[in-house]
Amino acid sequence: MKNLKIALAVLVGALAAGCYNDFDTPAPRKLYTDTDMTALGLQHVTIQEVKEYFGNTSGTGTNSDWETTQTVKFGDLTPDEQDKTVFPGLRGWSAAANYYIKGKVISSDRQGNIYKSLYIYDGTAAIELKLYNGLYLDYYLDLNTMESQWVYVRLNGLYLGNYRMMLSIGDAPSDSNNTSGTHKFYANSNLDNPNIAKLSVFPGERVKLDDSDILDVDASNYQTALGEKALGRLVRFNNIKVRYAGVPNQDHVVNSAMKNGTYDSTFPTWIVTDWGQPKNAPWYYWAYNIDNIRLYGSVLISYNDAAVYTSDAGVYSVRTSGYSQFAMKPIPKDGAVGTVLGIYAIYSKESSFAGGSRDYAQYQVSVNRLEDLDFKAEDLLTETEADELARWAYANGYTENDPFAPPVKNDPMGGMEGGE
């Protein structure tokens, strides 16, 4: 692997010769083309062909040990990797050593909601590239002008991994303990070193996103449009409704709670995601960021008023990071209708795409920027309304007895009425 990367670095350097040969007046960064890939001796395959080689991900999202963690290495396995006692779920794809994929950039980490991930789409399918932070500096996307950039990925030596039914391309499988001491198994890992990543992931020329690069859905077509093939795509949810479930809305009315598999789950919520079982509480901002405590937020949007489970068709969770620039922006009111543009994904244990109580899936949307949460100004909670709702919810018992329960944003006393 090391020798391969050294050889590739020499060849890439030759292709880029003249671009950085003057320290005082450096030339612009080289933008790669199909011709450059041919010069590297590579053959183009589509992202859909790559996904098809992996196979159907339905029911493969357990990731509870190495036996249930499935990975494909592009190229031959090393002798250590061939030892199935180490990575029994790892298999090689020898022919892929000579392949590359290309796609348009459809994600950006500029506003901090998408972390160390770059999503690309080639007209057949989309895929996540697990890379490093600050990707917007190297790979361009402007959703105002719909200007994007081609990205080329030399597959040899990379790993196609499946985590909770989402496929991505990255480095070798890895495992670790999270902050709760729970052991986690990851089908691949991030190429965290930009210098190493750039030996496999190359920026191409600027290109416009056209209508076909964004999947438009509404109440009439979501059931047919949002299948497994749509995972990883940039999807525009038109005229979709915000649904509070199991927590008070702006009128202090509580709708029935949604279930996630066999578990009750309340939305909207802030969630402590890394303490074993998630900690839930009513929270009326997109995510939580106070006193350097940063927690994910989840807000349900839905086309299906009759849905009972988060895995039911027509129910999606807008997932927002506490590190995003818009974490502390209030969410829309219950029942507000608007447009949401984001990357479509799934987080599942054992699900198919059938839905129901035995289907532990949650369909998720990760937005690139605040502007992609398009609701009327009058349909958004104010900060005063958001904080009042949180206090009322705590005072009336709509929360767990959670030692990590944070204060509301504008509470000078540093605590919630009725909270512990």
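The values are calculated or read from the model by the stated rules, or taken from the named source; none is laboratory data. All values derive from a computational prediction rather than experimental measurement. Don't worry about glycine lacking a Cβ; one is built from the backbone with ideal geometry, like all the others, and counts go over all protein chains shown.
Answer yes or no as to whether LEU118 is crowded, with 23+ Cβ neighbours inside 10 Å, under 19 Å from GLU81 (Cβ atoms) and modelled with pLDDT of 95 or more. Here the answer is no, as LEU118 does not meet what is asked. Would you confirm whether any residue within region 232-249 is modelled with pLDDT under 85, at positive phi and more than 22 Å from the chain's Cα centre (by Cα)? There is no residue in region 232-249 that is modelled with pLDDT under 85, at positive phi and more than 22 Å from the chain's Cα centre (by Cα).
Every test in (1) within 21 Å of ASN221 (Cβ to Cβ); (2) at pLDDT below 95; (3) surrounded by fewer than 23 Cβ atoms within 10 Å (Cβ to Cβ); (4) of a type in the set (Gly, Ala, Ser) is passed by GLY338 save one, and that test is (2). Selection within region 76-95: residues that are among the aliphatic types (A, V, I, L, M) and farther than 30 Å from GLY227 by Cβ. The member of this set that is surrounded by the most Cβ atoms within 10 Å (Cβ to Cβ) is LEU77.
Pairs are defined by a Cβ separation below 9 Å, a sequence spacing of at least 6 or placement on different chains, a first member in region 371-384 that is part of a strand (DSSP E or B), and a second member that is modelled with pLDDT of 95 or more and of a type in the set (D, E, K, R); the pairs so defined are LEU373/LYS329; LEU380/LYS329; LEU380/LYS333. Filtering region 250-299 to residues that are in a loop (DSSP other than H, G, I, E, B) and at pLDDT below 80 leaves GLY261, THR262, THR266, THR273, ASP274, TRP275, GLY276, GLN277, PRO278. When residues in region 286-325 are screened for being surrounded by fewer than 20 Cβ atoms within 10 Å (Cβ to Cβ) and either basic (Lys, Arg) or not assigned by TED's automatic domain parsing to the domain that holds LEU226 (or both), 1 of them pass.
Would you mind telling me which numbered condition in (1) closer than 16 Å to SER168 by Cα; (2) out of contact with any Asp or Glu (no Cβ under 8 Å at 6 or more places or on another chain); (3) surrounded by 16 or more Cβ atoms within 10 Å (Cβ to Cβ) LYS73 fails? Checking LYS73 against (1) closer than 16 Å to SER168 by Cα; (2) out of contact with any Asp or Glu (no Cβ under 8 Å at 6 or more places or on another chain); (3) surrounded by 16 or more Cβ atoms within 10 Å (Cβ to Cβ), the one that fails is (2).
Of the residues making up region 195-221, those that are among the hydroxyl-bearing types (Ser, Thr, Tyr) and either closer than 18 Å to GLY123 by Cβ or within 23 Å of the chain's Cα centre (by Cα) (or both) number 2.
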